[in-house]
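Colleague: Quick one: the structure is below, and I'll ask about it shortly.
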Amino acid sequence: MKLYSPPLSIRPRLLASVPSSLNEILLMRSIRFIALGVLLVSTCGLIGMKVADPPGKQLQVFAEAFLATLDQEQSTKVTEPYDSEQRVAWHFIPMPTRKGVALRDMNTAQRTAALRLLRTALSEAGYRKASQIMLLEGVLRQLEGPGSEARRDPQKYFVTIFGTPSDTDAWGLSFEGHHMSLNFSCRGGTLVDTTPQFFASNPATIMTEVEGPLGKGIRVLREEEDLGFELLESLDDQQKEVAIIASKAPAEVRFAGEPQAKVGDPEGIRFGRMQQPQRDLLKRLVAVYTDAAPEPISQQRRELIEANGWEKVHFAWAGATKPGIGHYYRIRGQSFLIEFVNTQPDASGNPANHIHCFWRDLTGDFDLPNGE
């Protein structure tokens with residue numbers, strides 16, 4: 001899907017026309033407005049708009065539009081030097097505050113510009129996941145009860161820009177909060193890295209009736225879990241002996257918060273030892289992670305896997321082989337690492353109903369060589 005961008009002269013009017021977003025329901029409306037607006041512009045074309053450039057240029061245009069909405073104090077908080085240590089300081093745990101400026105501390109125009117910037121950085125599927133993860137904070141607030149309002153806030157997600165958006169110099173973007181950390185690095189007008197890419201979901205399945213745009217039965221990371229189980233169940237006994245590396249799942253994904261993933265030798269069953277239907281399932285599962293990025297970037301990810309050889313990709317499992325009990329998998333290629341874990345209970349105490357998962361770039365996250 002091609003994206004279009006309005007000229008700077010008409011952006012403020014477009015931003016100011018969006019209704020106020022004061023709670024998770026209105027935030028959802030704002031999120032949908034961004035997605036619909038991008039879709040309408042991309043399919044119909046609007047007078048005064050032009051076909052956007054590749055993802056790096058798109059990100060630059062919308063980052064500049066976002067910065068133009070901020071006052072001086074906000075601009076100071078939202079921007080950091082490109083070589084700041086904060087650029088590689090990422091995490092997904094609840095925190096009182098984070099680097100950058102939170103959506104809740106923005107006015108309508110600023111918040112809309114921030115969400116539009118996020119939409120540009122992700123595919124439609126990736127943006128939908130990000131939106132729902134933010135809205136899950138409203139679900140957690142209901143499940144945890146009074147006193148959790150400050151901790152569980154769908155607008156407690158922070159935007160930081162590192163360096164100056166440019167088609168020549170290096171610059172970066174972070175969008176981060178509880179259960180989400182998305183990091184983007186641009187150089188020479190090109191989006192060169194989109195990792196760490198971390199998504200999580202608590203509850204993994206909403207078990208009870210709740211108020212708001214997300215209801216009972218919603219599973220934000222359904223494909224990540226279901227395709228993992230489907231692939232495991234497709235293996236015969238001999239294949240499972242190789243694929244299952246531990247009877248108990250680890251408590252957490254590895255390398256959480258670390259700038260680079262320091263992996264050892266691959267474990268589990270190799271792609272070459274799978275039958276064709278199993279290989280197809282593994283490719284579908286990997287695509288769930290690659291395709292959170294815009295199509296040109298997800299295509300680059302897939303092409304790099306092909307270039308390095310699917311034969312070198314390994315799938316490993318740990319823990320229970322049925323839902324509801326702690327389980328974990330990792331997929332390791334030459335250029336990437338996927339990890340998924342579901343071991344923690346949700347806010348209501350339902351076991352193994354709390355997912356963490358990521359995509360890491362083994363050539364180096366944050367556009368840095370793996371080793372810095």
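Colleague: So what is the calculated 222 nm ellipticity per residue for the chain, using -39500 (n - 2.57) for each DSSP H run with n of 4 or more, over all residues, to the nearest 500 deg cm²/dmol?
Modeller: For the chain, the value works out to -11500 deg cm²/dmol.
Colleague: Tally the DSSP beta bridges in segment 222-367 and give the antiparallel ones as a percent, rounded to 5.
Modeller: 90 percent
Colleague: Among 183-192, 143-152, 296-305, how do they line up by average Cβ neighbours within 10 Å per residue, starting with the highest?
Modeller: Result, highest mean first: 183-192, 296-305, 143-152.
Colleague: In addition: Quick check for me: using +1 on Lys/Arg Cβ and -1 on Asp/Glu Cβ, what's the dipole size of segment 222-367 about its Cα centre, in debye to the nearest 20?
Modeller: Dipole size: approximately 300 debye.
Colleague: Give me the net charge of Q86's neighbourhood, meaning all other residues with Cβ under 14 Å from the Cβ of Q86; Lys, Arg count +1, Asp, Glu -1.
Modeller: Local charge sum for Q86: 0.
Colleague: I've got another one for you. Give, in nm to one decimal, the length gained when the segment between E144 and K216 is fully stretched (0.36 nm per residue of separation minus the Cα-Cα distance).
Modeller: Value of the extension gain: 24.3 nm.
Colleague: Still on this structure: For K129, which lysines qualify as cross-link partners when the Cα separation must be under 30 Å and same-chain residues fewer than eight apart are set aside?
Modeller: Within reach: K2, K50, K57, K77, K99, K156, K216, K248, K262, K283, K312, K322.
Colleague: Just order 133-140, 249-256, 113-120 by mean Cβ neighbour count inside 10 Å, highest at the front, would you?
Modeller: Those peptides, ordered most packed to least, come out 113-120, 133-140, 249-256.
Colleague: From the residues Q334, L281, L368, which one has its Cα farthest along the dipole of the chain in the positive direction, the dipole being from +1 and -1 charges on Cβ of Lys/Arg and Asp/Glu about the Cα centre?
Modeller: L281
Colleague: Relative to the Cα centre, what is the charge dipole magnitude of the chain, using +1 at the beta carbon of each Lys and Arg, -1 at the beta carbon of each Asp and Glu, and rounding to the nearest 20 debye?
Modeller: With Lys and Arg at +1 and Asp and Glu at -1, about 700 debye.
Colleague: What does the extension gain come out to for V263 and D83, with contour length at 0.36 nm per residue minus their alpha carbon separation?
Modeller: Between V263 and D83, full extension yields 62.3 nm more.
Colleague: Could you state the number of Å between the C-alpha centres of segment 97-141 and segment 143-183?
Modeller: Taking the Cα centre of segment 97-141 as reference, the centre of segment 143-183 is 7 Å away.
Colleague: Starting from the Cα gyration tensor of segment 222-367, take the square roots of the eigenvalues, sort them a ≥ b ≥ c, and report rounded, prolate or oblate (rounded when a/c is under 1.5, otherwise prolate if a/b is larger than b/c, else oblate).
Modeller: oblate
Colleague: Please give the contour-minus-distance gain from S348 to D167: 0.36 nm per residue of separation, less the Cα-Cα distance, rounded to one decimal in nm.
Modeller: 60.4 nm
Colleague: Compute and list, largest first, the equivalent-ellipsoid semi-axes of segment 297-372 from the alpha carbon gyration tensor, each √(5λ) rounded to a whole angstrom.
Modeller: 29, 15, 10
Read-outs throughout are calculated quantities, based only on the coordinates presented, and are distinct from any laboratory measurement. Keep in mind it's a predicted model, so treat the numbers as computed, not measured. Heads up, the Cβs are rebuilt from the backbone with ideal geometry, glycines too, and the neighbour counts pull from every protein chain shown.
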